Structure formats: structure tokens, C-alpha cells
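Structure first, commentary second.
The values are calculated or read from the model by the stated rules, or taken from the named source; none is laboratory data. Here the structure is a predicted model, which is why all the values come from computation and not from measurement. Note: ideal-geometry Cβ built from the backbone for every residue, glycine included; neighbour counts use all protein chains shown. Remember, those area values only see protein heavy atoms, side chains included, never the ligands or the DNA or RNA. Shrake-Rupley method; radii C 1.70, N 1.55, O 1.52, S 1.80 Å.
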Amino acid sequence: MNYESFFADRIAALKREGRYRIFADLERRAGRFPKAFFHGPHGPREITVWCSNDYLGMGQHPAVLAAMHRAIDECGAGAGGTRNISGTNHYHVLLERELSDLHGTEAALLFGSGWIANMTALNTICRYIPDILVLSDADNHNSMIEGIIHSRAEKRVFRHNDVDHLNQILAAEPLERPKLIAFESVYSMGGDIAPIGAFCDLADRYNAMTFLDEVHAVGLYGERGGGVAERDGVMHRLTVIQGTLAKAFGVVGGYVAGSAAMCDFVRSYGTGFIFSSAMPPAVAAGALASVRHLKVHHEVRVRHQERAATLKRRFAEAGLPVLPSQSHIVPVLVGDPVLCKQASDLLMRDHAIYVQPINYPTVPRGSERLRFTPTPLHDDAAMDHLLVAIQDVWQQLRLRLAA
């Protein structure tokens, strides 16, 4: 077999389908977000980023930057290895305490990313509990799917956010059989929100655990930023809450929160935790400062929701095909991978606006879209510019408007 030809042929197939991914070479500048420098073929130029998951701009917040600088001076750059071998840095301890307080749980456990947190926690829990049945939402993130698959536990997929379908599956199983319901709060490509309370009701009725991914909600919802579960008053009903430090909190890393026994179990048996290098102390310090800040600054969340609602309204008034969204995600349907990429390219080339194309397998074929994530730092002038730009691109490419 010619291995290099195999690799090249598979890449060529992606390009023919129009879904080959090209990374934008961006240089973020502290104090300038949502502006950034794009290093393109004609040299660097300033552009506006409209698709960052740094939802609140905390990646440049002075309190976060100061905490990271201070921790580097105090502790150096790295953690020295895994927490089992090199020891736990005190910033890890403080951050886990802060996260357990955020979610009202007994404990929390840090990971290098949200993906690793999902993969490790689900894999570990579902691998070791005998005869467990995992009920997984059809739209769950890849990291959840991978964790469940690698656990080798029996899995059933229920229709997205469908309480009745989940109830049917659970009702057919013996009450005494161990079960886990895995779902997200905010689904990041469509912006819809799970019926968390209704899923908890089913878990109570059928003796099931719940595993909630709040990656696109922590920091953004609830009076203190605990996520949709805090907003809906159901945090205390969940078995495992998983979150990230890389989006609303503006740094990097992931975690799970729940009972002390559950966190200790994942810490002690989860290979993704045991064999992974620990989070650098400066990263933990920055995340700690961000979590603490957002707990007491609810006005940032209020502004964020206003910006998202305003952009949805303005897109709809312009006749653009905005997909229904219950959250801060603002998806605009294109429906074709080639046109989606062309729209993204034209916005960058002609209008200095960056929004990435979302194509298969991230979304189903035929639902390709541009995904906008307005932040509290996108002012009215930036929004005015975006509206002019996107209408120009829609006309150039003759893209469909809202029905």
C-alpha cells in the first residue's frame, strides 16, 4: 500500500466536497478584542472576529492577565508533570474549590480540556459500573460520544431533546439496572437548550444518573454563571456537571463537578487524568480569577444576552435565514458547503470580518451555516458593519433568504 497516496487521496476527497478546513492565521491582541490581526497572503491586516468562543472577552480581562503573570513569577511555567507524580499545585486546589462552589457540589476535578474531561469521566464511570445502560442525546458532542464508545457500555441514542422518546427507552428497562443519561445544556451549533428539569424527572423515576455538559453555558447563564442548570434551579439534581475553562472563562481546561466520591473515583481510575500532565499553574490562576470575577458580575451576562438578541433581530429584519436559537448562538443557514466557504472567504476578503464556515461532520449535510457569537464587546458600530457586509455577500452569491 502507498500510504502517502492514501493520505493525499483522502484530503483530495475533502476538497472535492468543499469541506476541507483551512485555519485562519489570527493574532489576538489583548485590549483589542474582538479585533485581531489576520496574517494573509497580502500581509497582516486588522479584522473583526465574529465567531470566537471567548464569549465574554475574558481572555483579555486585566484581572485574568494579572493573575497569570503573577503565577508565572511565583511558580514558573509548567506544572512539572502529572498531578500523581509531580504533586498538585496549590492553584489547582483553589480552582477546584472555586468550581465546586460555583456548581454547589462537594468537589470538582480539573482536566487539560473539556474534551478530555468528557472523554475521561464518561469512559471511566460507564466502564466500571456493571451492566450500565447509557442514554445519549442524538446531538451530543464528539467528546461525549467517544467517552461512551470507549467505555464499551451498552448505549441507546434518544432523539434530540425528546423527553418522550427518552421515557420510552427508560420504561422498557428494569428499574434496578444502572443507567446514565448524557446530554448538553446549550448545543453550540444550533443554539437550542435541553429540558434539564424534565430529564432529571425521568432520572428520578427510573433510578438513573445524569451527566450534563455545560461547556457552552458556564459563565454565561445563572446569577453567578453556574450555567443553565443554575438558571433553571436544578443544579442540585444532577449527578455530574462537566464544564470548560476555555470559552466563557477565556483560558483553557475542563472539569467535572459532583459528589466527593464521584470525583475521587474518576481521579483514581480515570486514565485520562492519571496519565495526563497537569494544567500549568498560570493557567489555573487565570481561570481562578475569571471564575471569581464572573460570579459577582452578572451585568456582563445581561449585556451578552442583549447583544445576541439584538443580532438575531437585525438579521431577521434583513431577511437572512437565522436558525431558531434559544441561546447566545446565532446560526445563519447557507445549506451548501462550497457556498458556505465562499461566504466566509468573501466576508474576510472584502469586509475584514472573520466567521468560520460550519460544515459536515460538525452539522448534518444540507445544514451548513455561518455561526455568529456576539460578545459584550461587539458594539453597535461593529454590528452595523456586519449587517452591510453580510447582505453584500448574500447578494453576490445569490444565497437564499428567509422564507
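Tell me, please, whether a residue that is among the charged types (D, E, K, R), in a loop (DSSP other than H, G, I, E, B) and open to solvent by 10 Å² or more (accessible area, probe 1.4 Å) can be found in the stretch 90-99. No, the stretch 90-99 contains no residue that is among the charged types (D, E, K, R), in a loop (DSSP other than H, G, I, E, B) and open to solvent by 10 Å² or more (accessible area, probe 1.4 Å). Of the residues making up the stretch 40-50, those that are open to solvent by 70 Å² or more (accessible area, probe 1.4 Å) and not charged (D, E, K, R) number 3.
Scanning the stretch 198-233 for residues that are closer than 19 Å to Val256 by Cα, surrounded by fewer than 19 Cβ atoms within 10 Å (Cβ to Cβ) and hydrophobic (A, V, I, L, M, F, W, C) yields a total of 0. Please indicate, with yes or no, whether at least one residue in the stretch 51-65 is at pLDDT 95 or above and open to solvent by 90 Å² or more (accessible area, probe 1.4 Å). Within the stretch 51-65, one or more residues are at pLDDT 95 or above and open to solvent by 90 Å² or more (accessible area, probe 1.4 Å). Once the stretch 123-148 is narrowed to residues that are buried (at least 17 other Cβ atoms within 10 Å of the Cβ) and hydroxyl-bearing (Ser, Thr, Tyr), the residue that is farthest from Glu173 (Cα to Cα) is Ser143. For the stretch 278-314, the set of residues classified as buried (at least 21 other Cβ atoms within 10 Å of the Cβ) and free of Cβ contacts under 8 Å to residues at least 24 places away in the same chain consists of Lys312 only. Taking residues in the stretch 159-172 that are open to solvent by 40 Å² or more (accessible area, probe 1.4 Å), and partners anywhere that are among the aromatic types (Phe, Trp, Tyr) and part of a helix (DSSP H, G or I), not one pair has Cβ atoms closer than 6 Å while being at least 6 places apart or on different chains. Just give me the residues in the stretch 217-238 being within 23 Å of Arg205 (Cα to Cα) and either touching a helix residue (DSSP H, G or I) at 6+ places or on another chain (Cβ under 7 Å) or of a type in the set (Phe, Trp, Tyr) (or both), in sequence order. Once the filter is applied, which keeps residues that are within 23 Å of Arg205 (Cα to Cα) and either touching a helix residue (DSSP H, G or I) at 6+ places or on another chain (Cβ under 7 Å) or of a type in the set (Phe, Trp, Tyr) (or both), the stretch 217-238 yields Val228, Ala229, Asp232, Val234, Met235, Arg237, Leu238. The residue list Val186, Val157 contains one member that is modelled with pLDDT of 95 or more, touching a His at 6+ places or on another chain (Cβ under 6 Å) and β-branched (Val, Ile, Thr), which is Val186.
The residues on offer are Leu220, Leu175, and the sole one that is at pLDDT 95 or above, assigned to a loop (DSSP other than H, G, I, E, B) and within 28 Å of Pro321 (Cα to Cα) is Leu220.
Can we say Arg369 is under 23 Å from Asp139 (Cβ atoms) and either crowded, with 20+ Cβ neighbours inside 10 Å or in contact with a Cys (Cβ under 9 Å, 6 or more places away or on another chain) (or both)? Here the answer is yes, as Arg369 does meet what is asked.
Val355 falls short on exactly one of the conditions (1) in contact with a Pro (Cβ under 6 Å, 6 or more places away or on another chain); (2) crowded, with 17+ Cβ neighbours inside 10 Å; (3) under 29 Å from Val302 (Cβ atoms), and that condition is (1). Does the stretch 119-137 contain at least one residue that is in contact with a Cys (Cβ under 6 Å, 6 or more places away or on another chain), under 19 Å from Ser277 (Cβ atoms), in contact (Cβ under 8 Å) with a residue 60 or more places away in the chain and of a type outside the set (S, T, N, Q)? Scanning the stretch 119-137 turns up no residue that is in contact with a Cys (Cβ under 6 Å, 6 or more places away or on another chain), under 19 Å from Ser277 (Cβ atoms), in contact (Cβ under 8 Å) with a residue 60 or more places away in the chain and of a type outside the set (S, T, N, Q).
Residues that are part of a loop (DSSP other than H, G, I, E, B) and touching a helix residue (DSSP H, G or I) at 6+ places or on another chain (Cβ under 7 Å): does the stretch 181-192 have at least one? Yes, the stretch 181-192 contains at least one residue that is part of a loop (DSSP other than H, G, I, E, B) and touching a helix residue (DSSP H, G or I) at 6+ places or on another chain (Cβ under 7 Å).
Residues in the stretch 239-269 that are among the hydrophobic types (A, V, I, L, M, F, W, C), open to solvent by 10 Å² or more (accessible area, probe 1.4 Å) and within 19 Å of the chain's Cα centre (by Cα): Ala246, Val251, Val252. Answer yes if at least one residue in the stretch 46-62 is without any contact (Cβ under 8 Å) to a residue 40 or more places away in the chain, among the acidic types (Asp, Glu) and farther than 30 Å from Val186 by Cα, and no otherwise. Scanning the stretch 46-62, I find no residue that is without any contact (Cβ under 8 Å) to a residue 40 or more places away in the chain, among the acidic types (Asp, Glu) and farther than 30 Å from Val186 by Cα, so the answer is no. Just one residue in the set Ala24, Ala8 is open to solvent by less than 40 Å² (accessible area, probe 1.4 Å) and on the phi < 0 side of the Ramachandran plot; that residue is Ala24. When the stretch 330-355 is filtered for residues that are closer than 16 Å to Leu386 by Cα and in a loop (DSSP other than H, G, I, E, B), the ones remaining, listed by number, are Ala352, Val355.
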